[in-house]
Amino acid sequence: MSILIKNVLLNDKRTSILIEGNTIKTIATDIAVIADKIINGTNKAVFPGLVNGHTHAAMTFFRGYGDDLPLEKWLNTKIWPNERNLTDEIVYWGTKLACLEMIKTGTTAFNDMYFRYKEAARATDEMGIRGVFPQLMFDNLDPVRAKKVQSEIKIENFAGDYSDRIRFSIAPHAIYTVSGASFKWAMDFAKEHSLIMHTHLAETQIEYQNSIKNFGLSPIRYLNKLGVLRPNLVIAHCLWLDDEEIQMLADNDVKVVHNPNSNLKLASGHRFLYHEMAEKGICVGLGTDGCSSSNNLDMIEAMKIMSLLQKGWRLEPTALPAHEVLKVATENGAKLLGLNAGKIADGMLADMFLVDINTPAFTPLNNNTTSNLVYAANGSNVDTVICDGNIVMENKKVAGEEEILEKANQLVYELIKH
Ligand SMILES: [Zn+2]
């Protein structure tokens, strides 16, 4: 399969892009080849596929449920009691709904953290985008439970008939739900099998204070002492930390994912130290977090919020400009998932999205398509999405979308009973 995108705007210049198989083959102003599929790019601009660095895909079913509560109360009274009702079918369709929303808003890869990962992986594989799915760990800091949880995690559990777009990870949920022993065990498992380890850390002030109370150390110092700060560790949040802890993350090449919408909505914190981390060379990606805390999976909206938030709390309008936040959401996201993607260049994976520039958000078109994407547009401006060399959305239509919406509306009553 080959695709030729003709005369499209890439970095404000007209060019054509030839995709062969799952790879970007050539980028040139004039490409004279016969392709299986031709996309007329005259009214389009193209960007690398967005990478959602931290989400809980199937939580789409909790969209709009339990809004406006603090994190601990929200988890204890709204989310965890209802998660007991999860079934394979709910996770499968919830993940399909998430993939539908991600495709419609330009995301081609995501780092998931949820239960029943086999169903999530199957749903994502069918939808045609990339995902990383964990065996999730909770041991409630109980040594007996910890042994049981560890004994249930096996590399063979990941076996299945999946495409190369599907990868796996291990995810101890957080330091307040998982013991230090299990964190160490999980990192050994991740190293042995070359997996990403994905966790939540330093998200709220309460977590920070309890960490000092229970472990005698702040969250990042605690993981440093456990020896699990490693290059394959992907940490969501990282709002509560100091300069010395940033240095610990940098020294160990730990990857960090900022989730501004979730952090603001749950009032977890707003002073994300992006520039301090970037200056030390830390790879910072962007995520939405689950739909229950960010309410959508729109990474274009998340880019705008991340940029405005940096400007706002620093009182610094030059902080995190549009081109840099786009890099965070694409190149950095691909790097933290270990993907040869995130850039539109020869030899990279063919993951990208096209927007219709014949719309108010992209008018006037004055060499500022990146600015228009980040500050003026939102996910609904996305017109066409290509992942792994396949078209997963064209003219805003995704195969099977009506069925996904219908199923979600039916199944939600089996999940939310409290
Ligand atoms: Zn999360």
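Residue-by-condition table, conditions (1) within 16 Å of the ligand (Cβ to nearest atom); (2) without any contact (Cβ under 8 Å) to a residue 12 or more places away in the chain; (3) buried (at least 16 other Cβ atoms within 10 Å of the Cβ); (4) under 18 Å from the mean Cα position of the chain (by Cα):
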site: Gly21; (1), (2), (3), (4): no, no, no, no
site: Ile24; (1), (2), (3), (4): no, no, yes, no
site: Ile34; (1), (2), (3), (4): no, yes, no, no
site: Lys37; (1), (2), (3), (4): no, no, no, no
site: Gly41; (1), (2), (3), (4): no, no, yes, no
site: Ala45; (1), (2), (3), (4): no, no, yes, no
site: Gly49; (1), (2), (3), (4): no, no, yes, yes
site: Ala58; (1), (2), (3), (4): yes, no, yes, yes
site: Phe61; (1), (2), (3), (4): yes, no, yes, yes
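Regarding Leu297, is this residue touching an Asp or Glu at 6+ places or on another chain (Cβ under 7 Å), within 22 Å of Ala171 (Cβ to Cβ), in the same structural domain as Thr60 (by TED's automatic domain parsing) and not polar (S, T, N, Q)? Working first, answer last.
Numbers: touching an Asp or Glu at 6+ places or on another chain (Cβ under 7 Å): yes; within 22 Å of Ala171 (Cβ to Cβ): yes; in the same structural domain as Thr60 (by TED's automatic domain parsing): yes; not polar (S, T, N, Q): yes.
Yes.
Is it the case that region 137-152 has a residue that's within 16 Å of the ligand (Cβ to nearest atom) and in the same structural domain as Lys255 (by TED's automatic domain parsing)? Quick ask: steps written out before the conclusion?
At the first step, the residues of region 137-152 found to be within 16 Å of the ligand (Cβ to nearest atom) are 137-138.
Next, from what is left, pick out any that are in the same structural domain as Lys255 (by TED's automatic domain parsing): 137-138.
There is at least one residue in region 137-152 that is within 16 Å of the ligand (Cβ to nearest atom) and in the same structural domain as Lys255 (by TED's automatic domain parsing).
Could you pull out the residue among Val284, Val254, Val234 that is among the β-branched types (Val, Ile, Thr), more than 27 Å from Leu100 (Cα to Cα) and in contact with a strand residue (DSSP E or B) (Cβ under 6 Å, 6 or more places away or on another chain)? Give the steps one after another, and end with the answer.
On the way: Val284 fails: more than 27 Å from Leu100 (Cα to Cα); Val234 fails: more than 27 Å from Leu100 (Cα to Cα).
Being among the β-branched types (Val, Ile, Thr), more than 27 Å from Leu100 (Cα to Cα) and in contact with a strand residue (DSSP E or B) (Cβ under 6 Å, 6 or more places away or on another chain) holds for just one of Val284, Val254, Val234, which is Val254.
Quick one: is Asn210 among the polar types (S, T, N, Q) and either in contact with a Phe, Trp or Tyr (Cβ under 9 Å, 6 or more places away or on another chain) or crowded, with 18+ Cβ neighbours inside 10 Å (or both)? So Asn210 passes the test.
Looking at region 338-418, none of the strands (runs of 3 or more DSSP E) lying wholly inside it contains 2 or more residues that are at negative phi, polar (S, T, N, Q) and without any contact (Cβ under 8 Å) to a residue 12 or more places away in the chain. Would you confirm, using the coordinates I've provided, whether Ile79 is among the β-branched types (Val, Ile, Thr) and at pLDDT below 95? It is true that Ile79 is among the β-branched types (Val, Ile, Thr) and at pLDDT below 95. Are any of the residues in region 107-128 assigned by TED's automatic domain parsing to the domain that holds Val91 and over 30 Å from Met299 (Cα atoms)? No, region 107-128 contains no residue that is assigned by TED's automatic domain parsing to the domain that holds Val91 and over 30 Å from Met299 (Cα atoms). Ser218 falls short on exactly one of the conditions (1) free of Cβ contacts under 8 Å to residues at least 60 places away in the same chain; (2) more than 22 Å from the chain's Cα centre (by Cα); (3) surrounded by fewer than 17 Cβ atoms within 10 Å (Cβ to Cβ), and that condition is (3).
Checking the structure you have, find out if any residue of region 167-178 is part of a helix (DSSP H, G or I), among the β-branched types (Val, Ile, Thr) and not assigned by TED's automatic domain parsing to the domain that holds Asn381. Talk me through it step by step, then tell me what you get.
First, the residues of region 167-178 that are part of a helix (DSSP H, G or I): none.
Checked against the condition, which is being part of a helix (DSSP H, G or I), among the β-branched types (Val, Ile, Thr) and not assigned by TED's automatic domain parsing to the domain that holds Asn381, region 167-178 yields no hits at all.
In region 238-271, the qualifying residues are those that are surrounded by 24 or more Cβ atoms within 10 Å (Cβ to Cβ), within 16 Å of the ligand (Cβ to nearest atom) and without any contact (Cβ under 8 Å) to a residue 40 or more places away in the chain, and the one that is farthest from Asp188 (Cα to Cα) is Ser262.
Listed here are the residues, each with its yes/no results for (1) part of a loop (DSSP other than H, G, I, E, B); (2) surrounded by fewer than 21 Cβ atoms within 10 Å (Cβ to Cβ).
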position: Glu126; (1), (2): no, yes
position: Val132; (1), (2): no, no
position: Asn140; (1), (2): yes, yes
position: Gln150; (1), (2): no, yes
position: Asn157; (1), (2): no, yes
position: Asp161; (1), (2): yes, yes
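For Gly131, the conditions (1) over 22 Å from the mean Cα position of the chain (by Cα); (2) within 16 Å of the ligand (Cβ to nearest atom) are fulfilled apart from (1).
Every residue, every condition in (1) more than 17 Å from the chain's Cα centre (by Cα); (2) more than 30 Å from Phe47 (Cβ to Cβ), yes or no:
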residue	(1), (2)
Cys99	no, no
Thr107	no, no
Ala146	yes, yes
Ser163	yes, no
Ile170	no, yes
Val178	yes, yes
Thr204	yes, yes
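Exactly one residue out of Ile206, Ile212 is in contact (Cβ under 8 Å) with a residue 60 or more places away in the chain and over 23 Å from Ala57 (Cα atoms), and it is Ile206.
Given region 284-333, what helices (runs of 4 or more DSSP H) lie entirely inside it while holding 2 or more residues that are surrounded by 20 or more Cβ atoms within 10 Å (Cβ to Cβ) and away from the ligand (no atom under 16 Å from the Cβ)? Quick ask: steps written out before the conclusion?
Numbers: elements: 291-294, 299-314, 322-327.
Because the criterion is at least 2 residues that are surrounded by 20 or more Cβ atoms within 10 Å (Cβ to Cβ) and away from the ligand (no atom under 16 Å from the Cβ), the helices (runs of 4 or more DSSP H) in region 284-333 that meet it are 299-314, 322-327.
Scan region 105-158 for residues that are under 17 Å from Thr199 (Cβ atoms) and among the aromatic types (Phe, Trp, Tyr) and jot them down. Quick ask: steps written out before the conclusion?
Residues of region 105-158 that are under 17 Å from Thr199 (Cβ atoms), as a first pass: 110-115, 117, 132-141, 146, 149-150, 153.
Within region 105-158, Phe110, Tyr114, Phe115, Tyr117, Phe133, Phe138 meet the criteria.
Looking only at residues in region 239-265 that are within 17 Å of Leu337 (Cβ to Cβ) and not in a strand (DSSP E or B), the one that is farthest from the chain's Cα centre (by Cα) is Asp253.
Looking across Lys191, Lys213, one residue alone is at pLDDT 95 or above, out of contact with any helix residue (DSSP H, G or I) (no Cβ under 9 Å at 6 or more places or on another chain) and farther than 16 Å from Leu336 by Cα. It is Lys213.
The values are calculated or read from the model by the stated rules, or taken from the named source; none is laboratory data. Remember, predicted model here, so these are calculated numbers, not experimental data. No Cβ is skipped: glycine too gets one built from the backbone with ideal geometry, and neighbour counts run over all protein chains shown.
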